[in-house]
Amino acid sequence: ALGGAVPFAVRLDDRSGDRAASVVTLNTDFTLALAHEGPVVVLDANAGLHRAAIAKVFGAEPAFVDLAVADGAPIARAVLATASATRKAWMPRGVPDWQAILPALRAALAWAAEDPSAQRLALIAPKEIHVALAHCLAPTAPETLVLVQHSRLSRRALDEVRRTVGPTLATWRGEIVTGHYGALEGLDHMSGCDATVTLMDPRPNLGDEQLRAEYLGLDVDGRLDALAAAELQQAHGRLRTIHRTRPGRQLHVGAVVPAGWPGLAVDVRRLPVGRPRTAAAMTGAELAQAREALGMGLRELARALGTSDTTLRRYESGERAIPMEIAT
């Protein structure tokens with residue numbers, strides 16, 4: 001930084017007990033490219049994020065053109081609005097809190113199920129949530145084993161995930177493909193999906209971005225939201241909507257609207273609070289038919305399901321809604 005011609009900023013930090021210097025400056029190659037003789041054009045899917053850096057070099061805002069390219073086929077977009085889909089609420093200690101996450105996951109799957117023709121669903125979330133979902137869906141797959149090996153989730157935590165989250169994922173009638181933020185750019189394996197769902201607002205760590213925002217003269221909260229919106233645009237871009245030839249659907253669960261969506265038709269809903277009382281994957285008649293096909297009595301099946309024969313009788317009569325785990 002001292003040897004370069006570009007302005008920089010430094011912050012000293014000794015909170016960990018050891019003094020550390022954080023240096024923020026602009027990429028040297030990028031700066032040299034901007035200084036090239038003659039007109040220079042910068043192309044990027046989220047070019048707006050770089051305007052402040054370019055202004056830092058030239059002292060003035062660059063000319064900016066935002067190219068909005070039409071979808072190749074009808075795309076239905078929706079947001080399940082909630083302020084709770086944050087790292088603090090969903091991953092308070094760096095690992096998923098499933099009691100906080102499951103209502104959003106159930107609502108997202110219910111949204112996807114609104115299209116009876118949808119069979120292939122892409123679920124995109126922070127890495128640790130992705131690891132857990134992948135472990136539920138395909139625990140022995142080579143790519144899952146690699147994810148688990150490099151995650152902070154213990155074997156006990158993963159076993160608990162399969163018990164608590166597995167029944168919810170099992171309600172989806174087709175295939176679920178998973179991925180995580182920060183590892184999606186350029187990937188095409190989700191282009192054949194019928195729908196993409198992004199879970200949680202992927203705001204970067206405040207400490208990592210605060211000095212950068214100050215250096216660029218930006219509001220740090222606005223910068224975090226802009227970076228999250230750009231990441232969500234990358235995630236939903238896996239559906240390849242520009243080149244798509246058949247309808248598709250996109251949903252985000254959180255408070256940040258994906259970049260590229262403002263100005264488009266977006267169905268905004270509120271995420272239901274708590275677990276739906278009547279969420280059931282089968283009717284009482286279907287449960288009775290399944291029990292008869294097994295050749296079991298009420299008491300015998302109730303014991304196998306870990307419930308009482310009185311409760312099971314109420315399920316079959318329709319007096320009580322059948323919980324997802326019982327149906328599964």
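The values are calculated or read from the model by the stated rules, or taken from the named source; none is laboratory data. Since this is a predicted model, take the numbers as computed values, not measurements. Cβ placement follows ideal geometry from the backbone for every residue including glycine, while neighbour counts extend to all protein chains displayed. Keep in mind that these areas ignore ligands, DNA and RNA; they rest on the heavy atoms of the full protein, side chains included. Shrake-Rupley method; radii C 1.70, N 1.55, O 1.52, S 1.80 Å.
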Of all residues in the range 190-207, count the ones that are assigned to a loop (DSSP other than H, G, I, E, B) and either open to solvent by less than 30 Å² (accessible area, probe 1.4 Å) or in contact (Cβ under 8 Å) with a residue 40 or more places away in the chain (or both). 9
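Condition check ((1) part of a loop (DSSP other than H, G, I, E, B); (2) at positive phi; (3) surrounded by 15 or more Cβ atoms within 10 Å (Cβ to Cβ)) across all residues:
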| site | (1), (2), (3) |
| --- | --- |
| Gly48 | no, no, no |
| Ala53 | no, no, yes |
| Ala60 | yes, no, no |
| Asp66 | yes, no, no |
| Ala73 | yes, no, no |
| Val95 | yes, no, yes |
| Ala108 | no, no, yes |
I'd like to check something: does the range 44-61 contain any residue that is in contact with a Lys or Arg (Cβ under 8 Å, 6 or more places away or on another chain), of a type outside the set (Ser, Thr, Tyr) and either at pLDDT 90 or above or more than 22 Å from Gln250 (Cβ to Cβ) (or both)? yes
May I ask you to verify whether Thr86 is of a type in the set (S, T, N, Q), touching a strand residue (DSSP E or B) at 6+ places or on another chain (Cβ under 9 Å), at pLDDT below 95 and open to solvent by 10 Å² or more (accessible area, probe 1.4 Å)? yes
State which residue is surrounded by the most Cβ atoms within 10 Å (Cβ to Cβ) when the search covers only the range 303-320 and only residues that are under 24 Å from Val161 (Cα atoms) and of a type in the set (A, V, I, L, M, F, W, C). Leu305
Are there any pairs, at least 6 apart or on different chains, whose C-beta atoms fall under 6 Å, with the first in the range 141-167 and within 30 Å of Pro323 (Cβ to Cβ) and assigned to a helix (DSSP H, G or I) and the second open to solvent by 30 Å² or more (accessible area, probe 1.4 Å) and of a type in the set (Asp, Glu), and if so, which? Pro167/Glu325
Tell me, yes or no, whether the range 157-169 has at least one residue that is exposed (fewer than 14 other Cβ atoms within 10 Å of the Cβ) and of a type outside the set (A, V, I, L, M, F, W, C). yes
